[in-house]
Amino acid sequence: MEEETAHAAPKKSSPIILIAALAVLTLIAGGGGWVVGGMLAPKPITEEEAKLIEAAKAAVASKEAAEKSAGGEQAAKKDEGLPLIATEANGVVQLDPITTNLAYPSENWVRLEVALLFKGAPDVSVATQIHQDIAAYMKTVSLQQIQGPRGFQYLKDDIEERVDLRSEGRVTNVIFRTFVIQ
């Protein structure tokens, strides 16, 4: 008798239990997807909302047409917008964008926009010399030198040191506006 129980095969799990478990999990996943989809999906636009949108589009189109017919005065006011903080009156000179290729690999290009904060009245001739110095320096930099945050910090420190030497202390801060490598 003991031999019969010892050699008896272990009881196999029923495929019905497996199918039922898969069906329950499928229903739970489908219900969760339906709930998340309902939260993310945009609500359909009603007829009243569509009419309001069309009225707004018509109002914008009529306003643009009125501005075009009013002439240059309206266009000048539109271009003014908010006053710029970075102006020569505030001691800030924004340099022209510097676009140059790197030393290695020479296929990579860098675009750099910098503004200089002067102590006292800004000197345009010094700003022009600094612009040319930064452009010449950027041609000597390799991609490996400026990769990552540490490389960018080293680049920034090098440029600030060059600006300080060139301006003889008249520039108090170098403001990096854009820095793009392509």
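The values are calculated or read from the model by the stated rules, or taken from the named source; none is laboratory data. What you are looking at is a predicted structure, and each value in this text was computed from that prediction instead of being measured. All Cβ positions, even for glycine, are placed from backbone atoms using ideal geometry, and neighbour counts span all protein chains on display.
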Review point. If you go through segment 126-164 one residue at a time, how many are in a helix (DSSP H, G or I) and either basic (Lys, Arg) or not assigned by TED's automatic domain parsing to the domain that holds Val114 (or both)?
Key: 3
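Residue by residue through segment 165-182, note down the ones that are polar (S, T, N, Q), assigned to a strand (DSSP E or B) and surrounded by 13 or more Cβ atoms within 10 Å (Cβ to Cβ).
Hits for segment 165-182 are Thr172, Asn173.
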Review point. Residues Val114, Val174: which one is modelled with pLDDT of 90 or more, among the hydrophobic types (A, V, I, L, M, F, W, C), touching an Asp or Glu at 6+ places or on another chain (Cβ under 6 Å) and within 22 Å of Val92 (Cα to Cα)?
Key: Val174
Practice item. Output the helices (runs of 4 or more DSSP H) that fall wholly within segment 8-103 and possess 2 or more residues being at pLDDT below 85 and within 30 Å of Ile130 (Cβ to Cβ), or say none. Key: 72-80
